[in-house]
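Visitor: Can you keep this structure in mind? I'll have questions shortly.
The values are calculated or read from the model by the stated rules, or taken from the named source; none is laboratory data. In this text, all values refer to a predicted model and were calculated from it rather than measured experimentally. All Cβ positions, even for glycine, are placed from backbone atoms using ideal geometry, and neighbour counts span all protein chains on display. For the accessible areas, the whole protein counts, side chains as well, though only heavy atoms, and no ligand, DNA or RNA atoms are used. Shrake-Rupley method; radii C 1.70, N 1.55, O 1.52, S 1.80 Å.
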Amino acid sequence: MRRFGVARPISGRAAALLWACSFLLPLALWSAVSYIPWLWHPLVKITDAGDSTLSVGMRVQPEVFAAAVANARQQGGQPPQGEPANPIFLPAPHEVLIALWTGFTSPPLRSGDPWLYQSLWHSITIIFWGFVLSVVVGVPLGILCGAIPACSLLVEPFIDFVRYMPAPAFGALCVAIFGINDAPKIAIIFIGTFFQMVLVIAHTTRQFDRALIEAAQTLGADDRRLLTRVIVPGILPSLYTDLRVLLGWAWTYLIVAELIGVSSGISWYINQQGKYRAYDQVFAGIITIGLVGLITDQALLRLGRLLFPWTRR
Amino acid sequence: MDPPLTAVDPAVAARWQRLAQRPVVLEVRGLGMRYPDRAGRPVSVLHDVSFTVRRREFITVVGPSGCGKSTLIRIIAGLTRHTSGEVLLDGRPIQGPGPDRGMVFQSYSLFPWLSVLRNVMFGLEMQGKGHDEARAEALQWLSFVGLEDKAEAWPSQLSGGQSQRVAIARALAPGPRILLMDEPFAALDPHTRAALQEHLLQIWQHIDITILFITHDIDEALWLADRVFVLQPPDAEHPGGWLQEIIPVPLLVPRTREMVATPAYRQTRAYLEQLIHPPRLAPVGERLPVFKLTKAGDEVL
């Protein structure tokens, strides 16, 4: 408990341990609920139907099971057998792990449906193009708004207004304008991230140390070079962090985007598995998104340290 | 109390005469700065400040907080607009910030994303010099402040004193007419500060530069300067910060630390001290309303 002091620094090994625990603790909780029969397990899963109307694999309420047992006994038949079970929407960790493996290695249930990896790849391309478009327009605009007060007054009030309109609300419009395939999905990702991006980056730019701008001015930098040689390189590390956070937002809008027009990608996959009541596959899909997010974020974090060596001590 | 100029060393007096014949670099005439506060009432920061600075003079500006000394140097640098009067550099009115007036800030203000060398190259590149030429000149400036071995370091790897030496090299590199220094050593420990004061005097003696240096440290002001400008905050007669007095420092150049013990220095210091901290404003011996919280018998006195 000594480690949990306010503002107390953590050594490298302890930090790694805590990092691991932040994943292992939820996993342990999930395992406990899944594997310890007397923890939760509110249903009875039928293992032997006996002479009842129940069938093997059904999950029923304990009262229903008790009634079936009583009914079978009363009529002198074989009572059904069952074991405590969780609802079908909470599969055990190993089931999800198997689903994750089979999802990537075995063909889809219905021929013609995309494989899990194809759905995932499709999602990643949608995110990529939506986010790249957003960055190409949003980053320069945000920097201009942050650096030039007149720009900020001209642009930001309207963006602030649009920002409050939820991106999904534009779904119908996007389909009308861009058709039913990938274009409206990319547009939703763009709408979801662009307006936030301009405001966040304008804010980051405004936070830039004024004294550095003044120092550059006394060294003879004009407005153009203040922007290109001082403000842009100066805010790059914070801007990079902003973009990492905004990329997370892009994944949130993805789920909405993929249900617009012809549904596709990883969220289509998850919905489809939900319809089959294959909740282990549903979990596999959700966890896949989490893993992709975690891996890209960690990769970008490390890349950032390489790109901006002066931020290391 | 009269200025202690009655018995000036003849050698010092001769030097003052020579200085007075040098061409004027900076002329400030009737300078004023006022801005409306939140209620719209005008707040005056500076009121009718006039002085001239001659080529290669070392001027320090002292004054209590609120006297507008930072505003004065920012106006000369072109970072703040004045509302009346004029500032002439070599006879021409200043137009915004420019490389003819180098500035050194208390917070160093080195660009953290550029190496030490690239920091010094910045102003040279702004003048349109090519990479190689700027690099060669910047290396010379770094060796001038004794930091050529830190050329490839990041600013975050430097100590405070080293940072300020790089900042001085960076400000000097574009060849300014005047070097403006806004309490540059205030954040340094006393030892480093003394070392940097000597560095600065050495630099000043070896290149064609005029220095205007702001400080709140009376000893620093006297030991460095040819003349000390005393600024005062607004009072009944003066609506804004005003230039109360210009005190010539009766010491020869180059300065040595022993000069601090001379009667000329001590007299001038005492005079300056009572200008800035008049006795009526600093009641000595006034007791705090403190009462006893220790146990009886637990005396340390």
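Visitor: Would you check if B:Pro250 is outside any helix (DSSP H, G or I) and buried (at least 19 other Cβ atoms within 10 Å of the Cβ)?
Guide: yes
Visitor: Further question: Of everything in region A:114-123 that's assigned to a helix (DSSP H, G or I) and open to solvent by 50 Å² or more (accessible area, probe 1.4 Å), which residue is modelled with the highest pLDDT? Let's see the steps before the verdict.
Guide: We begin by selecting, within region A:114-123, every residue assigned to a helix (DSSP H, G or I); these are A:116-123.
Pick out the ones that are also open to solvent by 50 Å² or more (accessible area, probe 1.4 Å) and you get A:117-118, A:121.
On the way: A:Tyr117: 88, A:Gln118: 89, A:Trp121: 93.
Looking at residues that are assigned to a helix (DSSP H, G or I) and open to solvent by 50 Å² or more (accessible area, probe 1.4 Å), I get A:Trp121.
Visitor: Next question. Is region A:274-296 home to any residue that is in contact (Cβ under 8 Å) with a residue 24 or more places away in the chain and at positive phi?
Guide: For region A:274-296, residues in contact (Cβ under 8 Å) with a residue 24 or more places away in the chain and at positive phi: present.
Visitor: Here's another thing I want to ask about it. Out of B:Gly78, B:Gly32, report the one residue that is touching a His at 6+ places or on another chain (Cβ under 8 Å) and small (Gly, Ala, Ser).
Guide: On the way: B:Gly78 fails: touching a His at 6+ places or on another chain (Cβ under 8 Å).
Answer to the check: B:Gly32.
Visitor: State which residue is least open to solvent (accessible area, probe 1.4 Å) when the search covers only region B:25-70 and only residues that are basic (Lys, Arg) and without any contact (Cβ under 8 Å) to a residue 60 or more places away in the chain.
Guide: So the first thing to find is which residues in region B:25-70 are basic (Lys, Arg), and the list is B:29, B:34, B:38, B:41, B:54-56, B:69.
Still in the running and without any contact (Cβ under 8 Å) to a residue 60 or more places away in the chain: B:29, B:38, B:41.
Numbers: B:Arg29: 108, B:Arg38: 248, B:Arg41: 152 Å².
So, considering only residues that are basic (Lys, Arg) and without any contact (Cβ under 8 Å) to a residue 60 or more places away in the chain, the one least open to solvent (accessible area, probe 1.4 Å) is B:Arg29.
Visitor: Turning to a different aspect of this structure: I'd like the residue in region A:299-313 that is open to solvent by 50 Å² or more (accessible area, probe 1.4 Å) and out of contact with any helix residue (DSSP H, G or I) (no Cβ under 8 Å at 6 or more places or on another chain) and, out of all such residues, is farthest from the other protein chains (Cβ to nearest Cβ).
Guide: A:Ala299
Visitor: To continue, here is another question. Tell me which residues, restricted to region A:201-230, are more than 10 Å from chain B (Cβ to nearest Cβ) and buried (at least 21 other Cβ atoms within 10 Å of the Cβ).
Guide: A:Ile201, A:Ala202, A:Thr205
Visitor: Suppose we filter A:Val132, A:Val137, A:Val162, A:Val198 for residues that are open to solvent by 30 Å² or more (accessible area, probe 1.4 Å) and in contact with a helix residue (DSSP H, G or I) (Cβ under 8 Å, 6 or more places away or on another chain); which single one remains? Working first, answer last.
Guide: On the way: A:Val132 fails: in contact with a helix residue (DSSP H, G or I) (Cβ under 8 Å, 6 or more places away or on another chain); A:Val162 fails: open to solvent by 30 Å² or more (accessible area, probe 1.4 Å); A:Val198 fails: open to solvent by 30 Å² or more (accessible area, probe 1.4 Å).
Just one listed residue meets the conditions, A:Val137.
Visitor: Give the residue that is farthest from the other protein chains (Cβ to nearest Cβ), with candidates limited to residues of region A:241-257 that are within 17 Å of A:Gly142 (Cβ to Cβ) and open to solvent by 40 Å² or more (accessible area, probe 1.4 Å). Even if it seems obvious, please write down each step before you answer.
Guide: As a first pass, look at region A:241-257 and keep what is within 17 Å of A:Gly142 (Cβ to Cβ): A:241-247, A:249-250.
If we keep only those that are open to solvent by 40 Å² or more (accessible area, probe 1.4 Å) too, we end up with A:241, A:244-245, A:249.
Working: A:Thr241: 15, A:Arg244: 19, A:Val245: 21, A:Trp249: 27 Å.
If we take residues in region A:241-257 being within 17 Å of A:Gly142 (Cβ to Cβ) and open to solvent by 40 Å² or more (accessible area, probe 1.4 Å), then A:Trp249 is farthest from the other protein chains (Cβ to nearest Cβ).
Visitor: Hey, another quick one. So which of B:Leu117, B:Leu88 ends up being in a strand (DSSP E or B), more than 13 Å from chain A (Cβ to nearest Cβ), modelled with pLDDT of 95 or more and out of contact with any Leu (no Cβ under 6 Å at 6 or more places or on another chain)? Before you say what the answer is, go through the steps one by one.
Guide: On the way: B:Leu117 fails: in a strand (DSSP E or B).
Among B:Leu117, B:Leu88, only B:Leu88 is in a strand (DSSP E or B), more than 13 Å from chain A (Cβ to nearest Cβ), modelled with pLDDT of 95 or more and out of contact with any Leu (no Cβ under 6 Å at 6 or more places or on another chain).
Visitor: Right, something else. Can you tell me which condition A:Pro237 does not meet? The list is (1) within 10 Å of chain B (Cβ to nearest Cβ); (2) open to solvent by 20 Å² or more (accessible area, probe 1.4 Å); (3) more than 24 Å from A:Thr296 (Cα to Cα), and all the others hold.
Guide: Looking at each condition in turn, A:Pro237 falls short on (3).
Visitor: Run down A:Ser106, A:Ser111 and say which single residue is over 24 Å from the mean Cα position of the chain (by Cα) and open to solvent by 50 Å² or more (accessible area, probe 1.4 Å). Lay out the reasoning, then the answer.
Guide: Working: A:Ser106 fails: open to solvent by 50 Å² or more (accessible area, probe 1.4 Å).
Only one candidate passes the filter, namely A:Ser111.
Results for (1) over 28 Å from A:Ala150 (Cα atoms); (2) out of contact with any helix residue (DSSP H, G or I) (no Cβ under 8 Å at 6 or more places or on another chain), shown as yes or no for each residue.
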{"site": "A:Phe170", "(1), (2)": "yes, no"}
{"site": "A:Gly179", "(1), (2)": "yes, yes"}
{"site": "A:Ile186", "(1), (2)": "yes, no"}
{"site": "A:His203", "(1), (2)": "no, no"}
{"site": "A:Gln207", "(1), (2)": "no, no"}
{"site": "A:Arg225", "(1), (2)": "no, no"}
{"site": "A:Ile231", "(1), (2)": "no, no"}
{"site": "A:Glu258", "(1), (2)": "yes, no"}
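Visitor: While we're looking at this one, here's another question. Within region B:91-103, count every residue that is part of a strand (DSSP E or B), within 14 Å of chain A (Cβ to nearest Cβ) and not basic (Lys, Arg).
Guide: First pass over region B:91-103, keeping only residues part of a strand (DSSP E or B): B:92-93, B:101-103.
Imposing the further condition that a residue be within 14 Å of chain A (Cβ to nearest Cβ) reduces the set to B:101-103.
From what's left, not basic (Lys, Arg): B:102-103.
Of the residues in that region, 2 qualify.
Visitor: For region A:224-313, please list each of the helices (runs of 4 or more DSSP H) lying entirely inside it that holds at least 3 residues being charged (D, E, K, R) and farther than 24 Å from A:Ile186 by Cα.
Guide: A:279-307
Visitor: Read through the list (1) more than 10 Å from chain A (Cβ to nearest Cβ); (2) in contact with a helix residue (DSSP H, G or I) (Cβ under 9 Å, 6 or more places away or on another chain), then give the number of the only condition that B:Gln127 fails.
Guide: For B:Gln127, the failing item is (1).
Visitor: With B:Glu137, B:Glu133 as the choices, which residue is within 14 Å of chain A (Cβ to nearest Cβ), open to solvent by 10 Å² or more (accessible area, probe 1.4 Å) and either part of a loop (DSSP other than H, G, I, E, B) or farther than 24 Å from B:Ala194 by Cα (or both)? Walk me through how you get there before you give the answer.
Guide: Numbers: B:Glu133 fails: within 14 Å of chain A (Cβ to nearest Cβ).
None of the others qualify; the one that does is B:Glu137.
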